[in-house]
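Readers should treat all values here as calculations from the given coordinates under stated rules, not as data from a laboratory. Please read these numbers as outputs of a predicted model, since none were measured by experiment. Heads up, the Cβs are rebuilt from the backbone with ideal geometry, glycines too, and the neighbour counts pull from every protein chain shown.
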Amino acid sequence: MKNRTKLWLLMLISAITSILLFSSLSLVMGKIGDRGYDLKSLNALSQEVLNTIATHQAFQIEDITPILDNAHSNHPDIRYEWISADGSTIYDTFGEKKTYDFEQLANRMLNMPQNLWGVDEPVTLTFSISQAHQPYYLLMSLSSDDMKNGQVYFFMRTFKALSTFMLPLIVALLIPYLLSLWFFSSMDKRINKLNHALGQLNLQSELTVLEDTKKDEIGQLTTHYNAMARRIQNQGEQIKQFDARRNLLLSNLSHDLRTPLTMILGYAETIRAGLYKDEKELQASAKVLLQRSRYIDKLLDQLLDITRQDEGNLELHVDLHNVSEMMRKVAADYLMFLEGQNFTVEVNIPDEDIQAWIDASLIERALRNLLDNAIRYGSEGHYLEVGLTEKYDALFMTVIDKGRGIPLQDQKHVFERFYRVDGSRKGEGLGIGLSIVQEIISLHDGSITFTSVPFERTVFEVQLPNHQREQSKS
């Protein structure tokens with residue numbers, strides 16, 4: 001069932017329920033909280049007395065007295081008077097004996113029916129009955145305070161008068177329901193619009209932005225939907241980019257494995273067949289085999305790093321380590337590696353030992369990734385610098401090269417997985433080195449920043465908190 005149909009049914013049921021509830025509660029509350037007489041009940045009492053008089057033909061004092069006394073005992077607030085045609089009182093339940101003239105009777109009836117709902121005003125009702133063409137009058141008197149506090153009467157003689165009264169009433173009752181219908185219909189349209197947009201939302205669909213300037217809950221939902229749709233679109237673009245880079249990774253991996261494997265197979269076959277000239281050529285072939293095998297081993301380590309990143313398995317094993325000594329050993333390895341390659345290498349590590357609470361294996365790995373990256377992409381500058389400084393409560397490790405650097409348009413992507421600045425097959429690696437470095441530094445509550453001016457200076461700086469100094473101060 002649609003909401004519009006439900007709304008119509010709800011309005012119809014609520015209207016009927018409201019009328020029934022109003023009528024029932026009015027009757028119940030009237031009986032409980034509005035005790036007293038009204039015009040209808042007084043007319044009923046008078047008719048009961050007159051019927052008794054007519055039945056017993058009790059027109060004289062000896063006959064009328066018990067009837068009126070009985071009525072007065074049942075309703076002590078009401079005064080009963082039995083009057084003859086000449087205005088003389090035949091019997092009065094209050095015991096008075098008097099003769100009324102026309103003026104006196106007229107004065108008692110003068111302010112009727114206004115006295116019915118007045119305050120402390122006399123109320124007098126007159127009823128007549130005849131015997132043998134001789135009229136007798138029954139006067140019923142009481143104070144207006146004995147009347148009900150609320151009385152509503154409608155006097156209409158024709159259908160035209162009824163329609164004149166009912167038409168404005170019907171219009172007055174319909175206006176709230178029509179306004180409610182208009183309000184809920186507009187809400188229903190907005191909800192349907194939002195529901196349709198949500199049904200069309202997926203990673204492949206175009207972005208649908210809804211316009212809703214209202215500040216109510218539906219407007220807030222629309223605002224949240226627009227924000228969610230933009231996030232989904234951005235995530236879809238990121239997934240597409242990630243898939244493209246993953247496909248590039250597989251392509252790169254296939255190429256990077258095939259080339260060294262081809263060389264390994266070729267040199268291994270040469271050695272197996274004994275086709276080398278002398279011992280020197282044999283050693284050269286073995287060196288190539290070792291280099292290519294180490295390169296494949298490095299690629300496999302990078303694949304393992306990707307798996308660990310996806311599974312969040314990089315864990316810290318922190319202990320107190322000599323950072324200066326660790327960096328000296330790493331620098332010594334690269335000095336030996338770059339020997340004879342026309343590289344200027346500067347090592348700026350202080351002589352005194354600098355200790356810190358770190359995971360030494362992960363920090364060394366991050367440092368080696370930065371050095372490998374500087375050598376791979378900065379080799380044109382023939383310069384490499386590694387440094388360590390301590391300032392306040394932090395350690396700063398720097399790796400500097402003077403190669404081609406990182407173009408401005410690529411700088412915001414360098415820490416993304418599978419991203420390679422050249423975007424081609426030049427160079428080695430899978431494009432995850434810097435992302436691994438960033439994750440390792442983040443695990444240590446540190447930060448990594450860089451600046452790059454092509455062929456002048458590219459600086460990567462790692463900042464680590466020096467918890468050792470903080471503990472010594474405490």
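With contributions of -39500 (n - 2.57) from each DSSP H run of at least four residues, the per-residue ellipticity at 222 nm computed over the chain stands at -19000 deg cm²/dmol. Modelled label positions at I170 and D188, each set 7 Å beyond Cα in the direction of Cβ, lie 2.4 nm from each other.
Based on every Cα atom in the range 314-473, Rg and the maximum pairwise Cα distance Dmax equal 15.5, 51 Å. Amide H contacts for E121 (H built 1.01 Å from N in the peptide plane; partners 5 or more residues away or on another chain; cut-off under 5 Å): S144, D145. Helix 39-56 and the long axis of the chain differ in direction by around 30°, with both axes built from C-alpha atoms.
Taking mean projected area of the Cα convex hull in nm² as the quantity of interest, determine which of [x] 32.3; [y] 49.9; [z] 20.5 was computed from the displayed structure. Structure-derived value, by its label: [y]. Taking other Cβ atoms within 10 Å as a rough exposure proxy, L408, L362, L395 sort from fewest to most as L408, L362, L395. Measuring gaps between exposed loop sites in the chain (GluC sites (Glu not before Pro); DSSP loop; at most 13 other Cβ atoms within 10 Å), the longest gap, sites not included, is 97-205.
For the range 346-362, 3J(HN,Hα) computed residue by residue from phi via the Karplus equation (6.51, -1.76, 1.60; θ = phi - 60°) reads 10, 10, 10, 10, x, 5, 6, 6, 10, 10, 7, 8, 9, 8, 4, 5, 6 Hz, glycine and proline entered as x. The modelled label-to-label distance for the pair Q60/A286, using points 7 Å beyond Cα in the direction of Cβ, is 16.1 nm. Here the contact order of the chain, divided by its residue count and restricted to Cα pairs under 8 Å and six or more residues apart, works out to 9 percent.
Here is the link list: K193/K240; K280/K402; K277/K402; K287/K391; K298/K402; K240/K391. Which ones come out longer than 32 Å on Cα distance?
Beyond 32 Å: K280/K402; K277/K402; K287/K391; K240/K391.
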